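This report concerns only the one structure given below.
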Amino acid sequence: MVFQILAFLLLIYGGYLSIHIGTSIPTFACPYNQECPGTCYLISVQHQAHNTWASLFGFRGKAFLISLLSFVLLFIVINKAWCGYVCPLGTIQDWITKLRNRMGISFSRYDDLSFKRLKAIKYVLLVLLLFIPLGMSNSIFGLPLFSHDLGAPFCQICPGRVITPLFIGDTSQLFIDFTNTTTMIMSSLGIIVLAMFLIGSFFKKRFFCFFCPMSALHYLFSRFSMLRLIKNGDNCTKCGNCYRVCDVGIKAIAEDIEHSYMVKDDCMMCFKCIEACPENDCLKVSFLTMPVFKSTEEGFFSRNLHLNSEMQKPSKTIIEDE
Amino acid sequence: MLFSFFILHSNFSAHGSEVLWLTNIPPGERQKEITASGMHKLSSIKAGRGKVRIVQWVTRGNNVLSSAYILNSELPEAEIYCYTPEGDLQECNVDSTKHFKELSFNNPLEGYYNLYLIRKEVRNDTLFILTAKAELLNHSCRNGHKDVDEKIQSGDHHEKIPMDIVRKRTRLENLHFFVASGDRISFRVSKSSKPLMDASVTFVTHQGWEKTVKTNRKGEAEIQVIQDYFSPWQDINNRNIYNYLIIADYTSQEKGSFMGESYKHIHYTTSLSDGYYPSKVMYSSLSWALGLFLLCSLIAGGGVVYYRNKRSRVYREIRITNN
Amino acid sequence: MNKNENKRYERLSAKSKGQLIIESENVLQEMQQKFENTIPGMEYFYDVAKQYAGGQLKNPERKKYIATNCIQVPIELIYAANALPIRICSGAYSMSQAGAGLLPAKSCSLVNATLGTIYTNSFPLAQKPLTIITPTTCDQKKKLSEIPSGIDIPFYTLEMPPSKDSEEAQEYWYRSVKKLKGELERITGNRITRSKLKKAIIKVAQAQRAFRHFHQLRKEEAVIRGTDAILIANTFFYDNIDTWTSHLVSLNAELEMRKSRDHNGSESRYPRILLTGSPSIFPNLKLPIMIEKMGGSIVADEFCSSNRLLYDTVAVDEWNMYDMVPALSDRYLKACTCPCFTPNNDRERKILAYIKDFKVDGVVYQSFSGCQLYELESLRISAVLEKENVPMLYVETDYSPDDKGQLATRTEAFIESIKNNL
Amino acid sequence: MDYFTGIDIGSTAIKIAIIDEDRKLVAWKVAPTGSKFNENARDAYNALIQEHNIRLPEVQHIVSTGYGRRLYKSADDTVSEITANAIGASTVSHEHSIRTIINIGGQDSKIIKINAQGFVQNFIMNDKCAAGTGRFLEMASRNLEVDIDQMGEQHKRSLNRSLTVNSTCAVFAETEIISLLADGNKKEDIIAGIHTSIARRIARLAGRTTIQDDVLFDGGTAHNSGLIEALEEEFMRDFIVPELPQITTAVGAAYMAMDLFLKKNLHQTVS
């Protein structure tokens, strides 16, 4: 929680401290926010994809590979915990969730079928965000070149573009661009997505993360990561606690007892599942095979039900009775 | 969108002196060979192996619409200087084979290239020094956005330039900067690298509207870019780059001789031309955005609430069909 | 009822109650005397069991109580409605005889005894329950409410899905529990509010925590006899939950000390037995007592009356009604290993896990004659255990004491065979 | 000479077996159980050792087993008949490796699976019901007025024309036998039917487990060749029947007595 706020402050206001982290950050560090200390890899990759085939396989390809490599290197260390702990959009969604919780309004869940169908959207977005910039420089499938107004197409509809600058008091991204039809449609889409983002995340925990193409991109490299969420199926009673607290609603965490690597494409690595697991050693996070955080029975009761261990010490009167 | 038509050209500005200026817009016959390069769409020609050279043409006249391109033969003896963003002088080629005078140079570096064309001439006891300047920003996002502040600086170092005019950079300016209608832009006029007071600075819009102000003690003059052209509302197209023209005039009581002819005054005229966009307020609407946002929020939020209240199915129905 | 019928009924009722007391005392005596080295902390649980048999449970606050016919009833809701949940599943032979007259001959003893308890009005508290909540777990239980016996206590049938893995089943169960919440509010006249329910969940969680600790303590060594452990779980419903919890906590502390002192309740060189199958409910501890008499050490059990009663937990993400109710519903569905669910692979997995964790040497599978669900599942379990090379004794029995001789031979032979193979 | 005794107190008969130090069976006896387990067993035992000139102190260890094992006061140890049976079975024959024992005794029938070392791996017993036990045979022999020892002979005469007799309940079977007799059926066919009924019952009991060869059939009923035939037919396997099928369990107990004695002595000498 504290870490999340710190990460949020860093990625939103880091520019004031002249911090510069790089252009391949595996999370939504939005350069549309003038004070952002680094750049979301998605914008870099969209820019780099805006190249002719010739240059992509030539000199520009090197730049592409370098930034991809630095993305992977950054990512591999803490895996998808970027989503759970660093991403400012994730943090904003968590705040909205908190607000809803305070208001006592219930959250929604997808049913299994919708879950299965909707989760594909992020892959579609990922393909589009690479395909469209490529199509601006190259004719793909004989299509005419796309308008340059489609540059960085995902950024145009990404709610982060509008929201993150708002935190430094910059409303300049909140607009509809009437320059031409393309820009008008894209900017309207951006606003619609923003509205969906806010409303959606009010009713559904981590609503946007479910559709986030960054999350899809992460998943491609997730297996090689150092930070891993591991499940020991033998200790699992399938009580469903982990699924209940899961913000994205991954059922496999509760029902899959065969696989040990539990970071699914929707996983945010927020580790709430570990907090909610009452079985000793059933779920754990390991960093380079060293366990970092494990599920324990004692931990379950103290974390989830706020029972402190005092309550479990025999009271004096009873001992004296006997 | 290009206009290389010739109208009766008045070679002299409102205040009666001749103006030369550099333009980005190719004459009709060259249009086919010219491509726009970089983010700022500088006119350029291919120079082999993926490289380009930036091209500028010289026009005469104090009105953007009615100025005429200068023929190669008309201006044989002009001085031409091209400064890189780092302040070094670099070669600038004048292609003598072309019909119109055409200046071209390489731009490998990121930042502002300053191109000058100077013509000196004595007439009526007056030395006319006509300077045409272009500030050409070279930027591609692929090259990154480091050291922006250094790159956008305009070197005020040109001792060879008798009277220079520089657009003052604003605080928020970056490598993606465009002048837009409605912006207040300031210019600093300097003579021999010293701020020049009381020079008159004339701002001419694309449509020909003009305004003249005098520079202050620091040699600065501020002008607001007005918008005097509106595209019809039904065609949503606000990406028209128009060129404005800035003309600085100054007459000093210096005596001397130039090329054997003596003069009693020197009349300096320096022009600077650049593109300007329609103002952001013309095409980006916060209120529309807010409206759309609210509408969508209401529909989405209301939808969820309505769905929750009306929902009778607890889980997805399994559909059965007759066949 | 005419006069004669009435008289007969009263006689039956009095006789059954009397026998229940004798039966229970015999069992308690057997537990306390036949084994040496009893644990002082157990006294409380013996006392509560005695009170239960005598129908004299404490209820100082004079709370209304609701009888539950199975552990699958979300008791947190009942606590939140300011009432007491009391499980009336009975293990009394006398009660099963009283109930047998009302039910078909092949009914299971537990159901007979439960109906007997209701019919003869032998509730552990002096007054009658407000209602009897019967989840639709096994067929016999769910038909209890429809037996024509002149019982004037209303039954409430809590609908359970026949499977637990599918989304539909889970939704169905959530709805059932939500409906139950409304029903409880109506029956008790008390509203179930957010804070009350939260308190109830935490109260039960404290008991669960102590119980899980107790469970963990038994893992390494047999610190306590299995019969005692079963009795402890059995008394959960029979006293104020806080009192029960605090006594279990102090018992845990005691066991912890014994563990370090290496004082074993039953010595660890005895074959370590896991009990599973139809639940042993006090006073029907025939089989567990027999096993321990024959030299087995019951280190763990997989009974709904004992281990499963408090093992599964509630994890609430947002402490609002909308999340608390489904969360506590999950406790009663998802991890449940009751054979009334199909598929029920979780039961095999649980048994195998216990075998691993508790270093079990052999499994005794108790199945009441007539309890089809456990009888049917025994086939699967025995196949699984055979594959894992764990010996299993399948015992079909009921509440009557007449098969004690046979049971003795079987359990003894089973334990001998484990000893030989150790 | 040291002797070791195993006493198997079953529901119908008391079986006593005595072995010497060389694990050789020196004496055995079968006596009816009657109503006083303890006295009858003691008397039979005393008569047996007198018969074979064994002095009481020479018997080092006595192990009792069977239904009445705890009631026999002079036993040094008790063991369940299942374990004893398993051990006894593995000593009976050297050329076979027994893995399954089918024992049909007076009031119970068991199927015992043993491992190569002769230890019990798994066993199944009948429930509290006399169908499928020796008691059922006894009852039938009374009704048919055929001596129980003659039932095997009778079975052979039936020539596969066996009748169907209820296999679920001994009491119903009794009335059935009477009505079959009244219908003029031949006794041998009824007897064959009874044997099949028992065999089927045993097969159903075994249904839960897989039978492994070699199978040993013992208990008092193993004297009945007709029942053996019926069982072999039902299980579709050949059974091994020991020479003295009734005393296998007692012999097993005697072997255990010897083992226990040696173990105890070893402990004493070590300590």
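When only alpha carbons are used to place a centre, the stretch D:237-263 and the stretch C:115-129 end up 54 Å from one another.
Just the number: Rg to Rh for the protein assembly as shown, Cα atoms, Kirkwood Rh, two decimals. List each step's numbers first, then the result.
Details: Rg = 48.0 Å, Rh = 39.5 Å.
That ratio is 1.22, to two decimals.
Normalised by the number of residues in chain C, the mean separation of alpha-carbon contacts (under 8 Å, six or more apart) gives a relative contact order of 18 percent. Dipole magnitude for the protein assembly as shown: computed about the Cα centre from +1 point charges on Lys and Arg Cβ and -1 point charges on Asp and Glu Cβ, it is near 3760 debye.
For the stretch D:98-241, compute Rh as the Kirkwood radius over C-alpha pairs and then the Stokes-Einstein diffusion coefficient at 4 °C and 1.567 mPa s; write the answer in µm²/s, rounded to an integer. Using the Kirkwood radius from Cα pairs, D works out to 86 µm²/s. Amide H to amide H, with H built 1.01 Å from N, C:Lys164 comes under 5 Å of C:Thr342, counting only residues 5 or more places away or on other chains.
Explain nothing, just the number: dipole magnitude of the stretch D:98-241 about its Cα centre with +1 on each Lys and Arg Cβ and -1 on each Asp and Glu Cβ, in debye rounded to the nearest 20.
Numbers: 16 positive and 20 negative charges, 88 e Å.
Dipole about the Cα centre, nearest 20: 420 debye.
Taking amide H as placed 1.01 Å from N in the peptide plane, A:Leu283 has its amide H under 5 Å from the amide H of A:Asn232, A:Ser295, each at least 5 places away in sequence or on another chain.
Cα centroid separation, the stretch B:122-171 to the stretch A:162-241: 44 Å. Once backbone amide H atoms are built at 1.01 Å from N, B:Val179 has B:Tyr277 as its partners under 5 Å, excluding neighbours fewer than 5 places away on the same chain. Under 14 Å of direct C-alpha separation, and excluding same-chain neighbours fewer than eight residues apart, A:Lys122 reaches these aspartates and glutamates: A:Asp265, A:Asp266. DSSP beta bridges fully contained in the protein assembly as shown are about 70 percent antiparallel. Close Lys pairs in the stretch D:98-241 (alpha-carbon distance under 24 Å; sequence gap of 8 or more, or different chains): 4.
Exceedance of the 29 Å cut-off in Cα-Cα distance is limited, within the set C:Lys63/C:Lys404; C:Lys64/C:Lys219; C:Lys17/C:Lys143; C:Lys259/D:Lys264; A:Lys264/B:Lys146, to C:Lys63/C:Lys404; C:Lys64/C:Lys219; C:Lys259/D:Lys264; A:Lys264/B:Lys146.
Based on DSSP, what percent of beta bridges with both residues in chain B are antiparallel, to the nearest 5?
Numbers: 77 of 87 bridges.
Of those bridges, close to 90 percent are antiparallel.
Report, in deg cm²/dmol and to the nearest 500, the calculated mean residue ellipticity at 222 nm for the protein assembly as shown, where each DSSP H run with n ≥ 4 adds -39500 (n - 2.57) and the sum is divided by the residue count. Mean residue ellipticity at 222 nm (helix-derived): -12500 deg cm²/dmol. The charge dipole of chain D, taken about its Cα centre with unit charges on the Cβ of Lys, Arg, Asp and Glu (plus for the first two, minus for the last two), comes to roughly 680 debye. Residue exposure proxy: B:Ser186, D:Ser141, ordered by other Cβ atoms within 10 angstrom of their Cβ from fewest to most, comes out as B:Ser186, D:Ser141. Going from the fewest other Cβ atoms within 10 Å to the most, the residues B:Val281, C:Val48, A:Val193, B:Val148 appear in the order B:Val281, B:Val148, A:Val193, C:Val48. Of the complete DSSP H runs in chain A, those spanning 27 angstrom or more by Cα along the long axis with a mean Kyte-Doolittle score not below 0.5 are A:59-78, A:181-203.
Quick one: plug the Kirkwood hydrodynamic radius of the stretch B:20-280 (C-alpha pairs) into Stokes-Einstein at 20 °C, 1.002 mPa s, and report D in µm²/s.
113 µm²/s
Treating the angle as unsigned and between 0 and 90°, give the value, to the nearest 10°, between the Cα long axis of helix B:286-310 and the longest Cα principal axis of chain B. The angle comes out near 10 degrees. Based on alpha carbons, the Rg and Dmax found for the stretch A:226-304 are 11.1, 30 Å. Along the axis of the charge dipole computed for the protein assembly as shown (Cβ charges of +1 for Lys and Arg, -1 for Asp and Glu, origin at the Cα centre), the listed residues A:Ala152, D:Leu71, D:Ala116 are led at the positive end by A:Ala152.
Sites counted here are chymotrypsin sites (Phe, Trp or Tyr not before Pro) in a DSSP loop (not H, G, I, E or B) having no more than 12 other Cβ atoms within 10 Å; the longest part of chain A that contains none of them is A:225-322.
May I ask you to work out the translational diffusion coefficient for the stretch C:329-375 at 25 °C, viscosity 0.890 mPa s, via Stokes-Einstein with Rh from the Kirkwood sum over Cα pairs, reported in whole µm²/s?
Details: Rh = 12.1 Å.
Translational diffusion coefficient: 202 µm²/s.
In percent, rounded to a whole number, the relative contact order of the stretch B:20-280 is 18, using alpha-carbon pairs under 8 Å and six or more apart.
For D:Lys73, the lysines whose Cα falls under 17 Å of its own Cα, not counting residues fewer than eight places away in the same chain, are D:Lys15, D:Lys36.
Top mean-square fluctuation among B:Leu245, B:Leu20, B:Leu42, Gaussian network model of chain B, C-alpha springs under 10 Å? Sorting by GNM fluctuation, first place goes to B:Leu42. Just checking the listed ones, B:His267, B:His206, B:His145: in the Gaussian network model of chain B with Cα springs under 10 Å, the one fluctuating most is B:His145. Mind checking the angle between helix D:225-235 and chain D's longest principal axis? C-alpha axes, 0 to 90 degrees, to the nearest 10. Helix D:225-235 and the main axis of chain D meet at about 80 degrees. Among the listed pairs C:Lys198/C:Lys350; B:Lys160/B:Lys191; B:Lys133/B:Lys280, give every one whose C-alpha distance is greater than 22 Å. Listed pairs above 22 Å: C:Lys198/C:Lys350; B:Lys133/B:Lys280.
Between the listed residues C:Pro85, C:Ala229, C:Gln127, the Cα displaced farthest toward the positive end of the dipole of the stretch C:3-421, a dipole computed from Cβ unit charges relative to the Cα centre, is found at C:Gln127.
Comparing Cα centroids, the stretch B:183-209 and the stretch A:1-59 end up 39 angstrom apart.
Could you grab the relative contact order for chain D? Cα pairs under 8 Å, six or more apart, rounded to a whole percent. List each step's numbers first, then the result.
Working: 555 pairs, mean separation 64.8, N = 271.
The value is 24 percent.
Cysteine residues of chain B whose Cβ has no partner cysteine Cβ closer than 4.7 Å: B:Cys141, B:Cys296. The residue among B:Ile266, B:Gln224, B:Leu245 whose Cα reaches farthest toward the positive pole of the charge dipole of the stretch B:203-267, with charges on the beta-carbon of Lys, Arg, Asp and Glu, is B:Ile266.
Comparing mean-square fluctuations of B:Ser192, B:Ser66, B:Ser285 from a GNM of chain B with C-alpha springs under 10 Å, the top value falls on B:Ser285.
Taken together, the values in this text are just the output of simple stated rules run on the coordinates, not laboratory data. Since this is a predicted model, take the numbers as computed values, not measurements. Cβ: placed from backbone, ideal geometry, glycine included. Neighbour counts: every protein chain shown.
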